[in-house]
Structures are given as structure tokens and as C-alpha cells.
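To keep things clear, I will list the structure first and then write my remarks on it.
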Amino acid sequence: MLALFFQTYLKLFFVLTPFFAISAFISLTQDMTPIERKKTAVKVTVAVIISSVILYLYGRYIFDLFGITLDAFRIGAGAVLFLSALNMVNGGGKKFDAGNEDDDIAVVPLAIPIVVGPGTIGALLVMGSSVQGYKDMALACAALVAAVLTVGILLFISSSLKRLLGRRGLNIMSRLTGLFVASIAAQIFFTGVRNFMLN
């Protein structure tokens, strides 16, 4: 059970693209005081926990509502997640506008779409729909919350990480994360293709 928890935790942690999120967080909060930056990190963490748990738990009902099969969605989600991973590996990144000074950037754009982007949403829906039984679902939700909290802690100490790793170090970590995400995307995609062809 511990092995399953850790495996699920690692997958979800990398799907949340933590080091890309840190780079974006540092960029968008550079004019904030240290206290404001920490408060924003807490808000982002709460927003990501709420949105990701809802997607993870209720993905199967979304499929039923729109009449989409899980395997068809696996193919689409895998493709979108792979494109996001490819963008990270290439060192690319969309420029996000922080808006006006009075705008709260914690939910938009930091929580959504930077941490919980289209590829992440697709992966959460697929992973959540693949879990069977209340016991496994509870374990998976605990792993998801742990993964989000880890990302939140990294955002909370992002200033220290920037000093420790530098922008180049964060960029390298983001690219490495992209490789892991690409492998998860490939697994989701080809599982969908295989099952789709067999049915």
C-alpha cells in the first residue's frame, strides 16, 4: 500500500510541473514583499487542492455526462500532456500577465492554468477515473493532496530555491520534469490507443 501511495504521489507531483510553476511564481511575484509572496503561495496551494481533488474525484461523471469513453479521453489527454511536456523540455513557456496591482493572481493565472493546466487537467481526469474502490480512491486522494502540498512548500520557499539553484538551475529542473511528464503522457496515450483498438 505504501508503494502504491508513493508511486501515485510521484506521478501526480510531476504532472503538476512543480519547477515550471516555481519559475512562473517567482516571475509573477517579484514585486511582492516576502510576506505577500508567502500568502500568495498558501492561496495557490489551497486553490490547487480544491480544483485538482474535484477533477480527480468527479472525472468519471464528466465522461458520462458528455458520453466520452475513458480510452478516447486517454488519447486526447495524453496528446495534450505530451505537448505541454515538450514545451517544458524545449525550455519554452507561455508569458502570463499578472494583471493590475489590485488583481489577486493566486487563482488565475498561478493555480489555473500554470499549475493546473490543460494537460494536468486531462491527466487528473484520466487517473481519477482509472481508480476503482473507495480504499484505493482514498489512498490516491491522499497522494494527490500530498503532491500538491509539496508543490505548495516549494512555492513557499521559492526565494530560497532561486538563490540556491539560480534561474539556470530551475530551468534545468523544469526540463527534467518535462521528460518525466512526457513519459507519463506516453503511457496514458498508448494505454488509450491499445484499449481503443481492442474494444
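The values are calculated or read from the model by the stated rules, or taken from the named source; none is laboratory data. What you are looking at is a predicted structure, and each value in this text was computed from that prediction instead of being measured. All Cβ positions, glycine included, derive from the backbone under ideal geometry; neighbour counts span all protein chains shown. To get the accessible areas, we keep the full protein, side chains included, count just its heavy atoms, and leave off ligands, DNA and RNA. Shrake-Rupley method; radii C 1.70, N 1.55, O 1.52, S 1.80 Å.
Some points to look at:
- Per-peptide average of other Cβ atoms within 10 Å, ordering 63-72, 13-22 highest first: 13-22, 63-72
- Rg/Rg_ref, the chain, where Rg_ref = 2.2 N^0.38 Å and atoms are Cα: 1.02
- Centre-to-centre, using Cα atoms only, segment 1-77 and segment 118-187 are separated by 7 Å.
- For the pair T69 and I50, label points projected 7 Å from Cα toward Cβ lie 3.7 nm apart.
- In a reduced charge model with +1 at each Lys and Arg Cβ and -1 at each Asp and Glu Cβ, the chain shows a dipole moment near 620 debye about its Cα centre.
- Average accessible surface area per residue within segment 115-176, 1.4 Å rolling probe, Å²: 48 Å²
- Solvent-accessible surface of segment 29-71, averaged per residue with a 1.4 angstrom probe and all protein chains in place: 63 square angstrom.
- The accessible surface of segment 1-121, taken with every protein chain in place and a 1.4 Å probe, is 66 percent carbon and sulfur.
- Relative to the longest principal axis of the Cα atoms of the chain, the long axis of helix 34-66 makes an angle of roughly 10 degrees.
- Relative packing of peptides 154-162, 130-138 - highest average C-beta neighbours within 10 Å first: 154-162, 130-138
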